[in-house]
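For reference, the structure discussed in these notes is given below.
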Amino acid sequence: MIDSYYFIINPNSGSRRDAFDIAEALKSEFVAKARLHVAFTSHQGHALELARGAIAEGYKAIVLAGGDGTVNEVLPAVCGTDVMLGLIPKGSGNGLAREFAIPLNPRAAVEAFASYRPRRIDAGRVNGEYFINVAGLGIDAMIGRAFNVFGRKGPRGRAPYYYFGLKEGFAYKPFDAELDCDGRTLRARPLCLAFANGRQFGGGAIIAPHARPDDGLLHVVLIEYQPWYRLLRNLPALFAGTIDKVPFVTTMTGRRASVRVKGEIVYQLDGEARTAQGALSAEIVPGTVSFLVPQ
């Protein structure tokens, strides 16, 4: 039995109005069962600060009420440790929660959480930084950057995400890239190049149908740039879990991958935008996270 939980709530993730409802539900469910602390984040990087403090104070489980980006923020503190990591989904896409069939309703997730058990899963790493679900470059990174900038001031949720998907899609400019995955090299003009540990971006968009977060493999998915009408015609395959059957999609698996381009690269880690110059290196780190999931 887990005897101590440190809950970190990101009020800016997903809908802001339910943060205090989650806090009250947590106190109601856990106050008699274990040592409990509930904290709210107030700025970028705060979740990582709180997680490191919780570990120093001896808490056994750190549970985040947020989205994939909130989980991404605390990975440097928990990867490679025995501290358990949990999630109450409160994001816009909730790809990680969907991967493990965690209830998407925050109250239902709180009520079920005490029955969750730890499972050792992999994490990925791009240019030395961890991700837990999906990283990549191309249109997904451009959408993530636009969405995160907008979300600092405007409302979050699915509607603005879809809006930026259309906006960035029509403005997208393809680029030449050289990709290597465990010695297999190819050249392409990617619309999207994903490094997947989990199966989906979120919102039901399944980018790597055969990925498993504990298979010790990096799933590399290349969607080559196409005319917009051809992309739209094949878009349903992304949500049907059959994107790997589309003719202009290449999938590979391995332990390491790299990509080289000319100039700046915009990429994303669990939806959080980053930039680099000229090259990215990606790898899988097997069994580095103890993640609390439904049985």
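Can you tell me which residue within segment 255-274, out of those that are under 17 Å from the mean Cα position of the chain (by Cα) and in a strand (DSSP E or B), is surrounded by the fewest Cβ atoms within 10 Å (Cβ to Cβ)?
Checking each candidate, the answer is Val266.
Per-residue answers, yes or no, for (1) without any contact (Cβ under 8 Å) to a residue 24 or more places away in the chain; (2) in a helix (DSSP H, G or I); (3) of a type in the set (Val, Ile, Thr); (4) not assigned by TED's automatic domain parsing to the domain that holds Gly203:
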{"site": "Ser28", "(1), (2), (3), (4)": "yes, yes, no, yes"}
{"site": "Val38", "(1), (2), (3), (4)": "no, no, yes, yes"}
{"site": "Ala65", "(1), (2), (3), (4)": "no, no, no, yes"}
{"site": "Gly86", "(1), (2), (3), (4)": "no, no, no, yes"}
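What are the residues in segment 67-84 that are within 22 Å of Ala34 (Cα to Cα) and not in a helix (DSSP H, G or I), if any?
Within segment 67-84, Thr81, Asp82, Val83, Met84 meet the criteria.
This table checks each residue for (1) among the hydrophobic types (A, V, I, L, M, F, W, C); (2) in contact (Cβ under 8 Å) with a residue 24 or more places away in the chain; (3) within 14 Å of Asn127 (Cβ to Cβ); (4) touching a strand residue (DSSP E or B) at 6+ places or on another chain (Cβ under 7 Å).
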| position | (1), (2), (3), (4) |
| --- | --- |
| Pro213 | no, yes, no, yes |
| Tyr225 | no, yes, no, yes |
| Arg230 | no, no, no, no |
| Leu238 | yes, yes, no, yes |
| Thr242 | no, yes, no, no |
| Thr275 | no, no, yes, yes |
| Gly278 | no, no, yes, yes |
| Ala282 | yes, yes, yes, yes |
| Pro286 | no, yes, no, yes |
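Restricting segment 195-220 to residues that are in a strand (DSSP E or B) and touching a helix residue (DSSP H, G or I) at 6+ places or on another chain (Cβ under 7 Å), which is nearest to Leu269 (Cα to Cα)?
Restricting to residues being in a strand (DSSP E or B) and touching a helix residue (DSSP H, G or I) at 6+ places or on another chain (Cβ under 7 Å), the top hit is Phe201.
Quick check: is even one residue across segment 232-242 in contact with a Ser or Thr (Cβ under 7 Å, 6 or more places away or on another chain) and either at pLDDT below 95 or crowded, with 19+ Cβ neighbours inside 10 Å (or both)?
no
Under the condition of being touching a helix residue (DSSP H, G or I) at 6+ places or on another chain (Cβ under 6 Å) and crowded, with 22+ Cβ neighbours inside 10 Å, which residue from segment 44-65 is nearest to Tyr6 (Cα to Cα)?
Within segment 44-65, the match that is nearest to Tyr6 (Cα to Cα) is Ile62.
Can you spot a residue in segment 173-194 that is within 17 Å of Arg98 (Cβ to Cβ), in contact with a strand residue (DSSP E or B) (Cβ under 6 Å, 6 or more places away or on another chain), at pLDDT 70 or above and among the hydrophobic types (A, V, I, L, M, F, W, C)?
yes
The values are calculated or read from the model by the stated rules, or taken from the named source; none is laboratory data. Model, not experiment: these values are computed from the prediction. Please note: Cβ atoms are built from the backbone with ideal geometry, for glycine as well, and neighbour counts cover all protein chains shown.
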